[in-house]
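Before any comments, here is the structure.
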Amino acid sequence: MSSLAIAANNLHKSYGDKVVLDGVDLTVPEGTIFSLLGPNGAGKTTAVKILSTLTSPGTGTGAVRIGGHDLATDPQKVRASIGVTGQFSAVDNLITGEENMLLMADLHHLTKREGRRTAANLLARFDLTDAAKKPASTYSGGMKRRLDLAMTLVGNPSIIFLDEPTTGLDPRSRHNMWQIIRELVTDGATVFLTTQYLEEADQLADRIAVLNHGRIAAEGTAGELKRLIPGGHIRLRFTDPIAYRSAGLALRDATGDDDALALQIPSGGSQRELRSVLDRLDSAGIEADELTVHTPDLDDVFFALTGDAHATDARTTNAHATNAHATVPAQAKEAVR
Amino acid sequence: MSTLALTVRDSSTMLRRNLLHARRYPSLTLNLLLTPIMLLLLFVYIFGDAMGSGIGGGRTEYIGYIVPGLLLMTIGSTVVGTAVSVSNDMTEGIIARFRTMAIHRGSVLVGHVIGSVLQSVMSVTVVGAVGVAIGFRSSGAGVLEWLAAFGLLVLFATALTWIAVGMGLVSPNAEAASNNATPLILLPLLSSAFVPIHAMPGWFQPIAEYQPFTPAIETLRGLLLGSEIGHNGWLAVAWCVGLSVLGYSWSTSKFNSESK
């Protein structure tokens, strides 16, 4: 028994001249959430398509094992242990939600009774019981996504691939989906999640890999990734210009903003660093009106790693947003087909 | 579960899915039924006398002549719907889901084919009933002939359906699928369905005589009306088997290479 749910070595894939994946290694321990984070066109969907047997890996790809089964020699065993919810809804729009669920039950070879029970339970769990008898084509985006995931769970898969599960959902549906994803792991499943939302990876994932231009730019926990990036600081704001000036003298390493009467002191945000700053202020008898600790968030990490300096500006300066976006390669989004 | 049992079980699940679609959205099937019924009424009641004298009889004789041809044309018309629904299906995300599941690969297509053959049988029954209502009578067909006629219709429907499935798979959308499958409705016009081969220009006769519809039509006429079948029986079976094999290998190779 392997304790790795997914072990992929050196994933390669090209379409014609275009290299989509250029030597990607992925390891996901059982029972964890792994997030593949990257901008549009980074190769996230292609990675999911290969790992879920939809697309064959390109030449040069090493061994790929999913749930302990070899992807190349035993794709049916791989399929039996995975569930996939793609970026575009994989429901049959012509039939009702319940019929979609029963279709899945039949394809997983459940008995009629088991099938009905599983369908009813999952529909209830995903809050779709009232809509069960309506055609899936009439469902809202959030409902369709829930039905999609409910269908994926009929076979009780041990490894679940979620390709941008919350793209296009409103904030409430997104939080619902996050809650559902957390529950999946509580129930013992392994989740492989792709997203372009940093907050989503930060909220959910045990480990995050940042994919950019077909390569892993960095990998680690959210905390580890944040530590890769400088930029943490303590910010002190004053209303009294005299207090501001004397604080600037007491804290030599601070950089000042005379207009805002604010000081910035570089800091990793640890308790010790914070106390040293407060001690120095105390001994000089200065009281700041406002103190904030800024730690780098995943946004900082993401933009630093995906090597797009302009994009960082775009977050703070809206006027430059159009220019900044133009530097991001405008690649068509791949769809799971 | 053995491979065969798996195949049968998954294919019947897919068949149920397709029948559900057909039952929920019957308009396409009904629209496709209109063409052969309109043609039947047009040729019998409007052109009937002229066409009848062309085959050395009257309108009544012409009803006998045209009904077998239109029954096979009905199949050609029904499978246009198959091409459209296969093409529609392939644009749905659910097909990608099926590909990631441990099910029998071909079951999606087999479900379409069996569903479409059943639909063809139903449509042929409806058109046949209209034929009987306006005066078609089979002369001297016994149980054996009726069984053989039924077998021929099923075989012919299977052959055309596999071709239509292939057309649906290579078409990027429903409109293209409908256009690509149109020859299956037009081909009967160039067969012995409406006028006998010997009434056509000499240079055209070989084309009309050996295209798939004519041997099947002549065989059906022979079975239902007791006319000479000759080599048409074997030719019809050969066409059906040939087209089925061709359509099957074309469709499955297209379907399996679909993932991009």
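The values are calculated or read from the model by the stated rules, or taken from the named source; none is laboratory data. For clarity, every value in this text was computed on a predicted model and none was experimentally measured. Note that we place each Cβ from the backbone using ideal geometry, even for glycine, and neighbour counts take in every protein chain shown.
So, of the residues in the range B:17-48 that are of a type in the set (D, E, K, R) and free of Cβ contacts under 8 Å to residues at least 12 places away in the same chain, which turns out to be nearest to the other protein chains (Cβ to nearest Cβ)? Looking at residues that are of a type in the set (D, E, K, R) and free of Cβ contacts under 8 Å to residues at least 12 places away in the same chain, I get B:24. Mind checking whether some residue in the range A:181-188 is touching a residue at least 12 places away in the same chain (Cβ under 8 Å), outside any helix (DSSP H, G or I), over 22 Å from residue A:29 (Cα atoms) and not polar (S, T, N, Q)? Within the range A:181-188, not a single residue is touching a residue at least 12 places away in the same chain (Cβ under 8 Å), outside any helix (DSSP H, G or I), over 22 Å from residue A:29 (Cα atoms) and not polar (S, T, N, Q). Taken as a whole, the structure places residue B:171 among residues that are among the polar types (S, T, N, Q), away from chain A (no Cβ under 14 Å) and closer than 30 Å to residue A:52 by Cα. Counting only strands (runs of 3 or more DSSP E) that fall entirely inside the range A:25-113 and contain at least 1 residues that are farther than 30 Å from residue B:85 by Cα and among the basic types (Lys, Arg), the qualifying elements are A:64-66. Tallying residues that are within 7 Å of another protein chain (Cβ to nearest Cβ) and over 20 Å from the mean Cα position of the chain (by Cα) within the range A:80-92 yields 4. Here residue A:76 meets each of (1) without any contact (Cβ under 8 Å) to a residue 12 or more places away in the chain; (2) on the phi > 0 side of the Ramachandran plot; (3) polar (S, T, N, Q) with one exception, condition (2).
Return a yes/no flag: does the range B:90-111 have any residue that is over 27 Å from residue B:240 (Cα atoms), of a type outside the set (Val, Ile, Thr) and more than 14 Å from every other protein chain (Cβ to nearest Cβ). Explain how you work it out, then say what you get.
Of the residues in the range B:90-111, the ones over 27 Å from residue B:240 (Cα atoms) are B:91-103.
Those left that are additionally of a type outside the set (Val, Ile, Thr): B:92-93, B:96-99, B:101-102.
From the residues that got through so far, the ones that are more than 14 Å from every other protein chain (Cβ to nearest Cβ) too are none.
No.
Residue B:87 meets all of the listed conditions (1) crowded, with 22+ Cβ neighbours inside 10 Å; (2) within 14 Å of chain A (Cβ to nearest Cβ); (3) within 27 Å of residue A:105 (Cβ to Cβ) but one, namely (3).
Listed residues B:73, B:101, B:38; which is buried (at least 21 other Cβ atoms within 10 Å of the Cβ) and part of a helix (DSSP H, G or I)?
Working: B:101 fails: part of a helix (DSSP H, G or I); B:38 fails: buried (at least 21 other Cβ atoms within 10 Å of the Cβ).
Going through B:73, B:101, B:38 in turn, the sole match is B:73.
Among all residues of the range A:118-133, there is none that is within 18 Å of residue B:94 (Cα to Cα), away from every other protein chain (no Cβ under 12 Å) and touching a Phe, Trp or Tyr at 6+ places or on another chain (Cβ under 9 Å). Which of the numbered conditions does residue A:152 fail, given that it passes all the others? Conditions: (1) at the interface with another protein chain (Cβ under 10 Å from one of its Cβ atoms); (2) crowded, with 17+ Cβ neighbours inside 10 Å; (3) over 20 Å from residue A:183 (Cα atoms). Evaluating residue A:152 over (1) at the interface with another protein chain (Cβ under 10 Å from one of its Cβ atoms); (2) crowded, with 17+ Cβ neighbours inside 10 Å; (3) over 20 Å from residue A:183 (Cα atoms) leaves (3) as the failure. Do you know which residues across the range B:203-234 are farther than 18 Å from residue B:73 by Cβ and either among the aliphatic types (A, V, I, L, M) or within 15 Å of the chain's Cα centre (by Cα) (or both)? Correct list: B:229 only. When the range B:153-162 is limited to residues that are buried (at least 24 other Cβ atoms within 10 Å of the Cβ) and either farther than 19 Å from residue B:128 by Cα or not aromatic (Phe, Trp, Tyr) (or both), the one that is farthest from the chain's Cα centre (by Cα) turns out to be B:162. State all residues of the range A:228-275 that are surrounded by fewer than 16 Cβ atoms within 10 Å (Cβ to Cβ) and touching a residue at least 60 places away in the same chain (Cβ under 8 Å); if no residue qualifies, say none. Passing the criteria: A:228, A:230, A:231. Is it the case that some residue within the range A:149-159 is touching a Phe, Trp or Tyr at 6+ places or on another chain (Cβ under 6 Å), closer than 25 Å to residue A:303 by Cα and not acidic (Asp, Glu)? There is no residue in the range A:149-159 that is touching a Phe, Trp or Tyr at 6+ places or on another chain (Cβ under 6 Å), closer than 25 Å to residue A:303 by Cα and not acidic (Asp, Glu).
Taking residue B:131 as the residue in question, decide whether it is within 14 Å of chain A (Cβ to nearest Cβ) and either in a helix (DSSP H, G or I) or buried (at least 21 other Cβ atoms within 10 Å of the Cβ) (or both). Lay out the reasoning, then the answer.
On the way: within 14 Å of chain A (Cβ to nearest Cβ): no; either in a helix (DSSP H, G or I) or buried (at least 21 other Cβ atoms within 10 Å of the Cβ) (or both): yes.
The answer is no for residue B:131.
Checking the structure you have, find out if any residue of the range B:53-61 is buried (at least 19 other Cβ atoms within 10 Å of the Cβ) and in contact with an Asp or Glu (Cβ under 6 Å, 6 or more places away or on another chain). Within the range B:53-61, none of the residues are buried (at least 19 other Cβ atoms within 10 Å of the Cβ) and in contact with an Asp or Glu (Cβ under 6 Å, 6 or more places away or on another chain). Condition test on residue B:15, is it at pLDDT 90 or above and surrounded by fewer than 16 Cβ atoms within 10 Å (Cβ to Cβ)? For residue B:15, the condition - at pLDDT 90 or above and surrounded by fewer than 16 Cβ atoms within 10 Å (Cβ to Cβ) - is not met. When you look at residue A:127, is it in a loop (DSSP other than H, G, I, E, B), within 17 Å of residue A:184 (Cβ to Cβ) and either of a type in the set (Gly, Ala, Ser) or at pLDDT below 95 (or both), yes or no? Taking the combined requirement at face value, the residue satisfies it.
Of all the residues in the range B:204-260, those that are within 14 Å of another protein chain (Cβ to nearest Cβ) and either outside any helix (DSSP H, G or I) or among the basic types (Lys, Arg) (or both) number 5. The residue that is nearest to the other protein chains (Cβ to nearest Cβ), among those in the range A:32-65 that are surrounded by 24 or more Cβ atoms within 10 Å (Cβ to Cβ) and either farther than 16 Å from residue A:13 by Cβ or among the charged types (D, E, K, R) (or both), is A:49. The residues of the range B:176-230 that are crowded, with 23+ Cβ neighbours inside 10 Å, of a type in the set (A, V, I, L, M) and in contact with a Leu (Cβ under 8 Å, 6 or more places away or on another chain), listed by number, are B:184, B:193, B:216, B:217, B:220, B:223. Residues of the range A:1-21 that are among the aliphatic types (A, V, I, L, M) and loosely packed, with under 15 Cβ neighbours inside 10 Å: A:1 alone.
Every residue, every condition in (1) part of a loop (DSSP other than H, G, I, E, B); (2) hydrophobic (A, V, I, L, M, F, W, C), yes or no:
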| site | (1), (2) |
| --- | --- |
| A:191 | no, yes |
| A:209 | no, yes |
| A:244 | no, no |
| A:260 | yes, yes |
